[in-house]
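Colleague: Please find one structure pasted underneath; my questions will follow.
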Amino acid sequence: ARRLREILAELLPYENPQFGVDPDWVCIYPYQSEVSPGGRVELEIVVRNHFSRPASCEIRMSLPDGWRSSPEKAKLDLQPRSIERAIFSIDPPEYAQPKRYICCADVIFNGQYYGQLKEAIVQVKTG
């Protein structure tokens, strides 16, 4: 097991290789949801800290044009080997067309930008 950790540490760009083998260290729930134009849907972002020390995480939602989130960003303080959650209320505009939209979690973890790590699909229903 130790040799495997050493190999992964050499291959992966993460300080802790566990982040590289856990594709779900950041998740969004629910993955699929429905909302009416001008309505609201809540998305829960779950972040896992694989470090044996505290970590910080900042999350912003990357949304389609005209959509809004509350809060605009969330800051999480994670204890060692813990999980924290942030809830975002997502509001599509009244003029949102009925179709599927992608909402992404844009992540900064311990000061390092990881980009849009996870997505959720939000179906805007016919008015």
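The values are calculated or read from the model by the stated rules, or taken from the named source; none is laboratory data. No experiment lies behind these values; they were computed from the predicted model shown. Positions of Cβ are backbone-derived with ideal geometry, glycine not excepted, and every protein chain shown enters the neighbour counts. Heads up: the accessible areas ignore ligands, DNA and RNA and are worked out on the full protein's heavy atoms, side chains in. Shrake-Rupley method; radii C 1.70, N 1.55, O 1.52, S 1.80 Å.
Colleague: What's the number of the condition PHE88 fails, among (1) on the phi > 0 side of the Ramachandran plot; (2) at pLDDT 95 or above?
Modeller: (1)
Colleague: A follow-up question, please. Which pairs have Cβ atoms under 9 Å, sit 6 or more apart or on different chains, and link a residue in region 81-110 that is under 13 Å from GLY39 (Cβ atoms) to one that is outside any loop (DSSP other than H, G, I, E, B) and acidic (Asp, Glu)?
Modeller: SER89/GLU42; ILE90/GLU42
Colleague: Continuing with this model, one more query. Hey, can you tell me all the residues within region 43-87 that are open to solvent by 90 Å² or more (accessible area, probe 1.4 Å) and within 14 Å of CYS27 (Cα to Cα)?
Modeller: Correct list: ARG48, ARG60, ARG85.
Colleague: Within 13 Å of the chain's Cα centre (by Cα) and at pLDDT below 95: is that true of ARG48 in this structure?
Modeller: yes
Colleague: In addition: Across region 28-42, what is the total count of residues that are surrounded by fewer than 17 Cβ atoms within 10 Å (Cβ to Cβ) and under 14 Å from VAL124 (Cβ atoms)?
Modeller: Counting residues in region 28-42 that are surrounded by fewer than 17 Cβ atoms within 10 Å (Cβ to Cβ) and under 14 Å from VAL124 (Cβ atoms) gives 8.
Colleague: Condition (residue is out of contact with any Lys or Arg (no Cβ under 9 Å at 6 or more places or on another chain), more than 14 Å from VAL26 (Cα to Cα) and among the acidic types (Asp, Glu)) applied to region 111-127: is it met by at least one residue?
Modeller: No, region 111-127 has no match at all.
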